[in-house]
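Student: For reference, the structure I am asking about is given below.
We did not get these values from a lab; they are worked out from the coordinates using the rules stated. The structure presented is a predicted model; accordingly, all values stated were derived computationally and were not measured. When we count neighbours, we look across all protein chains shown, and the Cβ atoms used for this are built from the backbone with ideal geometry, even at glycine.
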Amino acid sequence: GNSVTQMEGPVTLSEEAFLTINCTYTATGYPSLFWYVQYPGEGLQLLLKATKADDKGSNKGFEATYRKETTSFHLEKGSVQVSDSAVYFCALVSNTGNQFYFGTGTSLTVIP
Amino acid sequence: NAGVTQTPKFQVLKTGQSMTLQCAQDMNHNSMYWYRQDPGMGLRLIYYSASEGTTDKGEVPNGYNVSRLNKREFSLRLESAAPSQTSVYFCASSENPAGTGGWTDTQYFGPGTRLTVL
């Protein structure tokens, strides 16, 4: 079946530190991959996505590369800010299915 | 442009009571979705509607019913609430019909409804 596994949090970083949040997936066919972000008290927002292997999604300084050989879509940012404090969700949709699968979320806190 | 709106924001029910969660979008989107979010489990899809007049089950549909009232509105009904349905419920919408490439569209989420069933 389809599933997404994220690194467990919470993650606490100092401002300007490098961020990596790991995400691996299991899917049939060729899934599309997403990172969504949830700020406190709000709904989720799309951060970036990649729809085929080797694609790189990027937005607001965040990047993730679709690696089919390692079934991974790790989120990275070179220098985090306090405003990046949020919960980050990795997600997939299989091109053969009709479901959207979210990981369990990783909470990030950035301290000044 | 309000995006996706949900009512109510908070609700407390007793076991066995019924209620309807309302969702509306003003972006002229074809697809709408209901998710529940539980600690340590991420979001799980309850039901979705690929277009006006159609609804389909998601991963966890038991205990819920939905109605796509028109293109704008998609409601979620709990007929007989149970403590296991205590959760945060999110509605979302996306532009294209799900199932015709629409699953890769950006989903726009509402602010959520926090439901507690005692």
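Student: What are the semi-axes of the equivalent ellipsoid of the protein assembly as shown, taken as the square roots of 5 times the eigenvalues of the Cα gyration tensor, listed largest first and rounded to whole Å?
Tutor: Result for the protein assembly as shown: semi-axes of 29, 21, 16 Å.
Student: What ranking do B:Ser51, A:Ser58, B:Ser87, B:Ser80 get, fewest neighbouring Cβ atoms within 10 angstrom at the top?
Tutor: Starting with the residue having the fewest Cβ neighbours, the order is B:Ser80, A:Ser58, B:Ser51, B:Ser87.
Student: To continue, here is another question. For chain B, count all C-alpha to C-alpha pairs, find those more than 18 Å apart, and express that count as a whole percent of the total. Before the final figure, lay out the partial values.
Tutor: Working: 3135 of 6903 pairs.
Percentage above 18 Å: 45.
Student: Under 20 Å from the 7 Å Cα→Cβ point of A:Ile111, by amide nitrogen: which residues of region A:1-31?
Tutor: A:8-21
Student: Continuing with the same structure: Using Cβ contacts closer than 10 Å as the measure, can you line up B:Tyr33, A:Tyr30, B:Tyr47 from fewest to most? Don't skip to the answer; put the middle values down first.
Tutor: Values: B:Tyr33 26, A:Tyr30 13, B:Tyr47 22.
Ranking B:Tyr33, A:Tyr30, B:Tyr47 by Cβ neighbours within 10 Å, fewest first, gives A:Tyr30, B:Tyr47, B:Tyr33.
Student: Which links in A:Lys56/B:Lys71; A:Lys77/B:Lys71; A:Lys68/B:Lys9; A:Lys52/B:Lys71; A:Lys60/B:Lys57; A:Lys49/B:Lys71 stretch past 29 Å when you go from one Cα to the other? Present the calculation step by step, with values, prior to reporting the outcome.
Tutor: On the way: A:Lys56/B:Lys71 34 Å; A:Lys77/B:Lys71 38 Å; A:Lys68/B:Lys9 40 Å; A:Lys52/B:Lys71 31 Å; A:Lys60/B:Lys57 34 Å; A:Lys49/B:Lys71 26 Å.
Violating the 29 Å Cα-Cα cut-off are A:Lys56/B:Lys71; A:Lys77/B:Lys71; A:Lys68/B:Lys9; A:Lys52/B:Lys71; A:Lys60/B:Lys57.
Student: Please say if region A:4-60 is rounded, prolate or oblate, where rounded means a/c under 1.5 for a ≥ b ≥ c the square roots of the C-alpha gyration tensor eigenvalues, and otherwise the choice is prolate for a/b larger than b/c and oblate otherwise?
Tutor: Note, shape of region A:4-60 comes out prolate.
Student: Let me check I've understood the local charge: for A:Glu15, count other residues with C-beta under 13 angstrom from its C-beta, Lys and Arg +1, Asp and Glu -1. What total comes out?
Tutor: Computed value for this residue: -1.
Student: For region A:11-112, what is the convex hull (Cα atoms) projected area averaged across all directions, in square nanometres?
Tutor: With the hull built on Cα positions only, its mean projection is 6.2 nm².
Student: In addition: What average number of partner chain Cβ atoms lie no more than 10 Å from the Cβ of the residues making up A:78-91?
Tutor: For this peptide, the per-residue mean of nearby foreign Cβ atoms is 1.
Student: How many partner chain Cβ atoms sit within 10 Å of a residue's Cβ in peptide B:36-44, on average, as a whole number?
Tutor: 5
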